[in-house]
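Below you'll find the structure, written out as structure tokens, and then a few comments.
The values are calculated or read from the model by the stated rules, or taken from the named source; none is laboratory data. Remember, predicted model here, so these are calculated numbers, not experimental data. Because the Cβ atoms are built from the backbone with ideal geometry, glycine has one as well, and the counts that use them run over all protein chains shown. Please note that ligands, DNA and RNA were not included when accessible areas were found on the heavy atoms of the full protein model with its side chains. Shrake-Rupley method; radii C 1.70, N 1.55, O 1.52, S 1.80 Å.
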Amino acid sequence: MRAKADYFLDTYHPKQDGTCNVKIRVYFNRKYMYYSTDIDLKPGEKDKNGEQKEPSELEKILTAKRRTPDQKEILKKINRYYQKAENIIDKLDTAFTFEKFDEMYLEGRDVYNSVYHAYRKYIDDLNAEERTGTAINYEASIRSLENFKKNLKFTDITPSFLKKYERWMLDNGKSITTVGMYLRALRAIYNKQDIDKKL
């Protein structure tokens with residue numbers, strides 16, 4: 001049996017702003033594994049019975065006959081993740097295991113240089129362990145960081161960066177408690193990377 005990959009909008013774990021993460025879902029031997037992307041889209045609307053009333057933003061992008069420039073760009077990004085998964089599945093063929101797939105898929109994905117991807121991986125682990133409250137805190141932390149600086153790398157994180165980030169949060173109405181919570185989450189993610197210096 002050959003493994004399969006497809007797109008999956010994770011409506012089970014919506015973000016605070018109502019968007020949901022687009023994941024690549026891989027199916028093999030009656031088991032699903034989900035791989036986060038850096039793409040978050042709106043889930044669409046449901047009626048009072050829970051039936052889909054309006055298609056999700058992902059469905060619109062995938063099925064649109066004419067796409068806006070933004071939709072085209074999002075589709076390109078989604079397809080890069082999807083195509084990478086498909087290429088690995090082809091290479092593994094009959095030797096497929098999720099362990100081998102993980103090793104090849106995460107390689108070169110910049111997980112340990114990209115703060116966003118490191119957060120996403122940890123948040124996925126927290127959700128898998130049903131530690132929803134902690135996952136929500138980390139979601140809020142990475143959202144704040146992304147609003148402060150896009151495409152943040154661990155090499156960007158210096159004492160000067162932290163001071164500027166803390167000042168930015170306070171200037172934007174965050175409480176000392178919230179600032180402390182977000183910085184603790186960042187320190188935890190940073191220290192998980194086994195980088196020589198510590199925050």
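Tell me which residues, restricted to segment 125-143, are in a helix (DSSP H, G or I) and not polar (S, T, N, Q).
Within segment 125-143, Asp125, Leu126, Ala128, Gly133, Ala135, Ile136, Tyr138, Glu139, Ala140, Ile142, Arg143 qualify.
Name the residue, out of Tyr35, Tyr27, Tyr7, that is modelled with pLDDT of 90 or more, within 17 Å of the chain's Cα centre (by Cα) and not in a loop (DSSP other than H, G, I, E, B).
Working: Tyr35 fails: modelled with pLDDT of 90 or more; Tyr27 fails: within 17 Å of the chain's Cα centre (by Cα).
Answer to the check: Tyr7.
Take segment 158-173 and flag every residue that is closer than 24 Å to Arg120 by Cβ and surrounded by fewer than 11 Cβ atoms within 10 Å (Cβ to Cβ).
If the condition is that a residue be closer than 24 Å to Arg120 by Cβ and surrounded by fewer than 11 Cβ atoms within 10 Å (Cβ to Cβ), then Asn172 is the only one that fits.
Restricting to segment 4-37, what's the tally of residues that are closer than 23 Å to Ser141 by Cα and surrounded by 12 or more Cβ atoms within 10 Å (Cβ to Cβ)? I'd like the intermediate steps shown before the answer.
Narrowing segment 4-37 to residues closer than 23 Å to Ser141 by Cα: 9-23, 34-37.
Checking which are surrounded by 12 or more Cβ atoms within 10 Å (Cβ to Cβ) leaves us with 9-11, 13-15, 19-23, 34-37.
Count: 15.
So, of the residues in segment 91-111 that are of a type outside the set (Phe, Trp, Tyr) and either over 29 Å from Lys153 (Cβ atoms) or at pLDDT 85 or above (or both), which turns out to be most open to solvent (accessible area, probe 1.4 Å)? Don't jump to the end; show me each part of the working.
Residues of segment 91-111 of a type outside the set (Phe, Trp, Tyr): 91-95, 97, 99-100, 102-104, 106-111.
Add one more test, that the residue is either over 29 Å from Lys153 (Cβ atoms) or at pLDDT 85 or above (or both), and what stays is 91-95, 97, 99-100.
On the way: Lys91: 153, Leu92: 23, Asp93: 84, Thr94: 133, Ala95: 46, Thr97: 47, Glu99: 136, Lys100: 92 Å².
The qualifying residue most open to solvent (accessible area, probe 1.4 Å) is Lys91.
Filter segment 38-69 down to residues that are among the basic types (Lys, Arg) and not in a strand (DSSP E or B) and give me whichever is most open to solvent (accessible area, probe 1.4 Å).
Step one: list which residues in segment 38-69 are among the basic types (Lys, Arg), which gives 42, 46, 48, 53, 60, 65-67.
Those still in the list that are not in a strand (DSSP E or B) too: 42, 48, 53, 60, 65-67.
Numbers: Lys42: 129, Lys48: 196, Lys53: 143, Lys60: 80, Lys65: 203, Arg66: 220, Arg67: 75 Å².
Restricting to residues being among the basic types (Lys, Arg) and not in a strand (DSSP E or B), the top hit is Arg66.
Can you tell me which residue is farthest from Ile39 (Cα to Cα) among those in segment 146-157 that are part of a loop (DSSP other than H, G, I, E, B) and open to solvent by less than 50 Å² (accessible area, probe 1.4 Å)?
Looking only at segment 146-157, we keep the residues that are part of a loop (DSSP other than H, G, I, E, B), and these are 149-152, 157.
From what's left, open to solvent by less than 50 Å² (accessible area, probe 1.4 Å): 152, 157.
Details: Leu152: 15, Ile157: 23 Å.
Ranking the candidates gives Ile157 first.
Could you list all residues from segment 121-133 that are farther than 21 Å from Glu103 by Cβ and surrounded by fewer than 16 Cβ atoms within 10 Å (Cβ to Cβ)?
Glu129, Glu130, Arg131, Thr132, Gly133 - these are the residues of segment 121-133 that are farther than 21 Å from Glu103 by Cβ and surrounded by fewer than 16 Cβ atoms within 10 Å (Cβ to Cβ).
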